[in-house]
1. At least 1 residues that are over 25 Å from A:L101 (Cα atoms) in each: list the strands (runs of 3 or more DSSP E) lying fully within the range A:4-55 that qualify.
2. Taking the range B:115-131 on its own, how many of its residues are hydroxyl-bearing (S, T, Y) and not in a helix (DSSP H, G or I)?
3. Mind listing just one residue for me: the one in the range A:132-155 that is charged (D, E, K, R) and within 14 Å of chain B (Cβ to nearest Cβ) and, of those, farthest from A:P21 (Cα to Cα)?
4. Those residues that are touching a helix residue (DSSP H, G or I) at 6+ places or on another chain (Cβ under 7 Å) and not polar (S, T, N, Q), I need them from the range B:224-251; list them, please.
5. With B:A203, B:A184, B:A177, B:A113 as the choices, which residue is modelled with pLDDT under 95, surrounded by fewer than 20 Cβ atoms within 10 Å (Cβ to Cβ) and either farther than 29 Å from B:A58 by Cα or hydrophobic (A, V, I, L, M, F, W, C) (or both)?
6. Looking only at the range B:140-153, how many residues end up being closer than 20 Å to A:L118 by Cα and away from chain A (no Cβ under 14 Å)?
7. Looking only at the range B:33-44, count every residue that is within 14 Å of B:L18 (Cβ to Cβ) and either among the acidic types (D, E) or in contact (Cβ under 8 Å) with a residue 24 or more places away in the chain (or both) and tell me the total.
8. In the set B:V200, B:V137, which member is within 14 Å of another protein chain (Cβ to nearest Cβ), β-branched (V, I, T) and without any contact (Cβ under 8 Å) to a residue 12 or more places away in the chain?
Amino acid sequence: MVATAYDRERVFAWLEEVKDPEVPVLSVVELGVVRDAVVDADGAVTVTVTPTYSGCPAIRVIEESIHDTLLAKGVLRVTVQTVFTPAWTTDWIPETARAKLEAYGIAPPGLAHTSDELVPLRRAGTGPRCPFCKSANTALRSEFGSTACKALWVCAECTQPFEEFKAI
Amino acid sequence: MSSLPLFSALLRLADDRLVLGHRTSEWCGHGPILEEDIALANLALDQIGQANHLLTYAATVEKASRDEDALAYFRDAIEYRNALLCELPNGDFGVTIVRQFLYGVYSVLQWDALSKSKDGTLAGIAAKSLKEARYHVRHAGEWVIRLGDGTDESHRRAQVAVDTLWPYTGELFMQPADEAELVADGITADVSLLELAWEVQVADVLRRATLTAPETAWMQRGGREGKHTEHLGHLLAEMQIVARSHPDAKW
């Protein structure tokens, strides 16, 4: 039996190469989708993932990419398992990744919070700043965008429509 | 304890979301404006995704070597356990939105209760779904206010929608007898206990929308026992045709 040439840290470094297919500027680690990776004595790797949105069609692609990427790195056996607890939140996305999102043209999420009021008459808080001209003078166009995780905004300064990664 | 009651309870949860999600998806490409078309598709995606998680879990509980796809595509209408409210046709945009709101408030309350379940898997699915259900009901609720307190025509249609759907809301709160042990064990939540909170939330939004709830006491029922309207059969025919025409196909 040979000593395993990789550990948990190395596996996480490899997983940084797996990008979200719908937001290719973020890795699945930065996104918080990868919750854990366990390397056993035989070198088999079990990666634990949690879905972003229940209906996110990208989760299958992400699982396949994790599997294929680790096999390509020489891992002999890869298992990807899903957990629901704790429920995924955008609060897990680190500052460095938020900066990448903004540079890519997607406003990063604010802090996730839940209001006690089910249907508030006025929305609490301020909107995201425009990722293009950085103006705070922005307006929500629709809470739903091109993917489940994004909302549609428009900048009143530079008139540029842009997407925001929704805080959840 | 037999796992059958849990399986039945999971089917009731899943079938509501699957059938309503499919209904909502029928708007794809037909929304009144592009943003709303996208919004409804997003809601449908979340609801079908929640159903997918629940059916996957139901399949492992049942241990009958059928998976979530078999449960979705190879059960007939009589085996579906969704509430009748979820299977009614979309009607106009007013009916679609008012149903989304009436069911959405129920869904938030139910997920909130189930997120405290002693069954870890169910609690996890519920905690995740709760976040989604909250913005579903916010979106639908804002529309209910806009339509009800809008033009004469939008108010008239929204009120017709409330009157049409109201007799189908009572079934949501009829607690199935076979769930008593699960409720006692803290696995599932007694839906009859959600009714009061639902009434308060719904009344608040209807009032702001200048709409009124009808004073009917008569409530339709049957979906939870597999006795459905004719509409479910048509819905399933469309939803299941590809899977049944090409069993075990991979794509």
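The values are calculated or read from the model by the stated rules, or taken from the named source; none is laboratory data. Every value quoted in this text rests on a predicted model; they were computed, and no experiment measured them. As a convention, Cβ positions derive from the backbone with ideal geometry for all residues, glycine included, and neighbour counts pool all protein chains shown.
1. On the way: elements: A:23-27, A:34-39, A:45-49.
The strands (runs of 3 or more DSSP E) meeting that bar are A:34-39, A:45-49.
2. Restricting attention to the range B:115-131, the residues satisfying the condition of being hydroxyl-bearing (S, T, Y) are B:115, B:117, B:121, B:129.
From what is left, the residues that are not in a helix (DSSP H, G or I) are B:115, B:117.
Here the count works out to 2.
3. First pass over the range A:132-155, keeping only residues charged (D, E, K, R): A:134, A:141, A:143, A:150.
Then keep just the ones that are within 14 Å of chain B (Cβ to nearest Cβ); that gives A:141, A:143, A:150.
Details: A:R141: 24, A:E143: 21, A:K150: 14 Å.
Per the stated criteria, the residue is A:R141.
4. Initial filter on the range B:224-251 (touching a helix residue (DSSP H, G or I) at 6+ places or on another chain (Cβ under 7 Å)): B:224, B:226, B:228-229, B:231-233, B:235-236, B:239-240, B:243-244.
Passing the criteria: B:R224, B:G226, B:H228, B:H231, B:L232, B:G233, B:L235, B:L236, B:M239, B:A243, B:R244.
5. Numbers: B:A203 fails: modelled with pLDDT under 95; B:A184 fails: modelled with pLDDT under 95; B:A113 fails: modelled with pLDDT under 95.
Unique residue meeting the criteria: B:A177.
6. Here is the first cut: in the range B:140-153, the residues closer than 20 Å to A:L118 by Cα are B:140-149.
With the extra rule that they be away from chain A (no Cβ under 14 Å), the set shrinks to none.
Within the range B:140-153, residues that are closer than 20 Å to A:L118 by Cα and away from chain A (no Cβ under 14 Å) number 0.
7. Of the residues in the range B:33-44, the ones within 14 Å of B:L18 (Cβ to Cβ) are B:43-44.
With either among the acidic types (D, E) or in contact (Cβ under 8 Å) with a residue 24 or more places away in the chain (or both) added as a condition, the list becomes B:43.
Result for the range B:33-44: 1.
8. Values: B:V137 fails: without any contact (Cβ under 8 Å) to a residue 12 or more places away in the chain.
Result of the check over B:V200, B:V137: B:V200.
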